[in-house]
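Notes follow the structure.
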Amino acid sequence: MSRVRADEEEYWHSSKFRAFTFDDEDDELSQLKESKRAVNSLRDIVDDDDDDDDLERVSWSGEPVGSISWSIKETASGSTGSLDGRDSSLQKGPSSYAALPKQASSYSLSSLFKGRNKLSSFQSLSDALTDTGIKNYAPELRRPKAEYKDYSSDWSPKDTVRRMQRGKICSLERFRSLQDKLVLLDEAVAGHDGNVITAVLIFLKRTLRREILFRELEVRQVALCHLIHFLREMGEQKFLLDLLRFLDRTEEVALSQYREHLNIQDVEKRREFLKGCIGLPFSAEDTSHIQDHYTLLERQIIIEANDRHLEMAGQSELFRKYPRKASILNMPLVTTLFYSCFYHYTEAEGMFSSPTNLKKTFKIPDKQYVLTALAARAKLRAWGDVDALLTTKNWLGYTKKKAPIGFHRVVEILQRNNAPVQVLQEYVRLVEDVETRLNLASKYKCHDVVIETYRDLKDRVQLTAYKCKVERGSAEEEKIQSILSNMVKN
């Protein structure tokens, strides 16, 4: 009886579960760590061996390391094998694994999670699930057969062009004969893709002699235009000139040579270069432009030298009050005219820097001259010069205001330069269109012009409405009241 009781007490006081200790080597976490450590040790041993990638690595169970079943077993059943057993298997040395086959590209479950298509490290399922720093997606397990074709030898010219249009990398080196290269160029032109055409032309330019390439391009105008544009954009001037000479395009040869002046920084060398360009075979119109360019630069050199001397010597009040912001050299004709109207407006026509001299020499139209001179004199607030510029005298001696650019443009230019209301009103009155005149007068507060216009229109309603817009007790209000009273009497 006592024995039965002792057995019962031992049963109730005993347990198959042990308390947790940090030194417990048989818990599952420790076993999992030891399993991983053993696998890593095996990997280090295998990696040190200079073996072939065609062999596959295996575990102690005989299954390939990295396979799905191996990953699951390594994670779920860490307690199936003892640590001593694993250590003993590791102690077998190279002889235990050298003869075992390995596999170069084995898809494991971890590789599915990490998107790897080639097993680069041994990781368990727990590693794959806890590695959050890597994007989770499945790799492309099956690729189209076309991706594996040797495009350097199997693609036809038409297929090559289509691949290039889709942005695929294609080798053009397989097209070695002249016939194949020309077929490739024709297919590229037929595809109407400028990038593909240019790429093929670069290939032909590199692999064909110039005379052969020029001869074939002469009958292929689309490809020829692409090549000419490409050469100009890339600055290959010598090749371009050779091509244009072969095509007997003398004017284009001259223009291409003329563009070289843009690369000449020294002003004296540029002047001499332009002087030499005058004799090139340009058209009549282009020859006139080249001559004007040379003459303008020559004038600018003279004006720049004189004005720099005046500015440094401090002899001109205008230069002291309005210092020059930039050099006049290499500026366009309109900029040079504005500069001349600003600093040299009163000079005699015989002077190179005179505005009238520039107008006569370069045949500047009246509209362009008035517009430029008006802007320059208004900038200086020289209202007397503005009035003289817009005043003409007929053969009978009568004077009147005339503006080739239209008085509405005159008003806008004067207002931008802060002209007084009295000056603005004088030119607003000269605007012929009634609606435009009323809009400008209202916008720039030219009250007298608005009142006079409504008076001439006999528009009592608009006058009454405008009376509310002027200042109470002002001269404009009294003027409106007087006009309204006279309308009632009449």
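Numerical summary
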{"quantity": "Check on Gly279, closer than 30 Å to Asp248 by Cβ and not in a helix (DSSP H, G or I)", "calculated": "yes"}
{"quantity": "Qualifying residues in the stretch 335-389 (those that are within 24 Å of Arg416 (Cα to Cα), assigned to a loop (DSSP other than H, G, I, E, B) and hydroxyl-bearing (Ser, Thr, Tyr)) - the one least open to solvent (accessible area, probe 1.4 Å)", "calculated": "Tyr345"}
{"quantity": "In the stretch 220-235, the residues that are surrounded by 15 or more Cβ atoms within 10 Å (Cβ to Cβ) and part of a loop (DSSP other than H, G, I, E, B)", "calculated": "Arg220"}
{"quantity": "Residue within the stretch 282-298 that is free of Cβ contacts under 8 Å to residues at least 12 places away in the same chain and either crowded, with 17+ Cβ neighbours inside 10 Å or within 30 Å of Arg210 (Cα to Cα) (or both) present", "calculated": "no"}
{"quantity": "Per-region count, the stretch 474-490, residues over 24 Å from Val423 (Cα atoms) and in a loop (DSSP other than H, G, I, E, B)", "calculated": "1"}
{"quantity": "Subset of the stretch 208-219 [within 16 Å of Gln179 (Cβ to Cβ), part of a helix (DSSP H, G or I) and open to solvent by 50 Å² or more (accessible area, probe 1.4 Å)]", "calculated": "Arg215"}
{"quantity": "Single residue of the stretch 238-268 satisfying the filter (in a helix (DSSP H, G or I) and of a type in the set (S, T, N, Q)) that is surrounded by the most Cβ atoms within 10 Å (Cβ to Cβ)", "calculated": "Ser256"}
{"quantity": "Breaking point among (1) outside any helix (DSSP H, G or I); (2) open to solvent by less than 50 Å² (accessible area, probe 1.4 Å); (3) aliphatic (A, V, I, L, M), for Ile413", "calculated": "(1)"}
{"quantity": "Among the residues listed as Val450, Val470, the single one being assigned to a loop (DSSP other than H, G, I, E, B) and either of a type in the set (Val, Ile, Thr) or at positive phi (or both)", "calculated": "Val470"}
{"quantity": "So Ala128, is it of a type in the set (Gly, Ala, Ser), touching a Phe, Trp or Tyr at 6+ places or on another chain (Cβ under 9 Å) and either loosely packed, with under 14 Cβ neighbours inside 10 Å or modelled with pLDDT under 90 (or both)", "calculated": "yes"}
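The values are calculated or read from the model by the stated rules, or taken from the named source; none is laboratory data. The shown structure was predicted, so the numbers you read here are calculated from the model rather than taken from an experiment. Glycine also receives a Cβ, built like all others from the backbone with ideal geometry; neighbour counts cover every protein chain displayed. SASA here: full protein model, heavy atoms, side chains in, ligands and nucleic acids out. Shrake-Rupley method; radii C 1.70, N 1.55, O 1.52, S 1.80 Å.
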